[in-house]
Amino acid sequence: MPTININGKSVNLNVPPDMPLLWALRDVAGMTGTKFGCGVSLCGACTVHVDGKPMASCVTPVSSVVGKEVVTIEAIGQDPVGRRVQDAWQQIDVVQCGYCQSGQIMAATALLKSNPHPSDSDIDSAMAGNICRCGTYSRIRAAIKVAASGPQKKDA
């Protein structure tokens with residue numbers, strides 16, 4: 001039974017080691033914020049952080065994250081950068097249907113943690129793996145720029 005660090009807590013998962021992390025999170029751990037989109041790492045809806053790096057959980061076996069820190073959308077607001085991204089998403093009113101947004105927020109947070117002042121090209125490159133069926137890309141870019149501009153209401 002693998003034990004995974006999810007959002008700062010050790011979670012015992014009674015799953016096969018080759019089970020995709022997405023299904024372990026959603027179906028076993030009950031964390032449904034991470035979404036299933038394509039199942040082949042093309043859309044970004046299932047993005048989580050593993051040791052701070054964005055990863056497609058739909059193709060990441062549970063066995064590969066043992067001993068690593070997994071952060072999901074449920075906890076990203078506890079990170080100051082994640083909180084800024086979430087605040088900017090609300091300020092810019094990014095969400096339309098919302099299905100892709102947890103993956104978008106996870107990717108944007110990873111970008112700003114590695115590059116606090118990204119150019120448009122940096123944003124495009126970092127967000128290229130995240131598809132928005134509603135086409136809110138201009139609002140996503142605007143929100144990332146707002147989040148990059150500095151601390152928002154809850155940052156210190």
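Here, each number is a calculation from the coordinates, and none is a lab measurement. What you see is a predicted model, and the numbers here were worked out from it, not measured in a lab. Ideal geometry is used to build each Cβ from the backbone, glycine not excepted, and the neighbour counts take in all protein chains shown.
For n ≥ 4 DSSP H runs only, could you compute -39500 (n - 2.57) per run for the chain, divide by its residues and tell me the 222 nm figure to the nearest 500? Intermediate results must be reported in sequence, preceding the final value.
Values: 4 runs with 47 residues, N = 156.
The helix contribution divided over the chain gives -9500 deg cm²/dmol.
Which one, Val85, Val94, Val28, has the greatest fluctuation when you compute a Gaussian network model over the chain with C-alpha springs under 10 angstrom?
Val28
Based on the mean of other Cβ atoms within 10 Å per residue, sort peptides 39-51, 55-67 so the most packed one is first. The partial results should precede the final answer.
On the way: 39-51: 20.7, 55-67: 18.9.
The peptides rank, most packed first, as 39-51, 55-67.
Principal axes first, then extents: for the Cα atoms of the chain, list largest minus smallest coordinate on each axis, whole Å, largest first.
Between the extreme Cα coordinates on each principal axis of the chain lie 43, 34, 24 Å.
Exactly which trypsin sites (Lys or Arg not before Pro) in segment 88-156 are in a DSSP loop and have at most 13 other Cβ atoms within 10 Å?
Values: sites: Lys113, Arg133, Arg139, Arg141, Lys145, Lys153, Lys154; in loops: Arg133, Lys153, Lys154.
Qualifying residues, ordered by number: Arg133, Lys153, Lys154.
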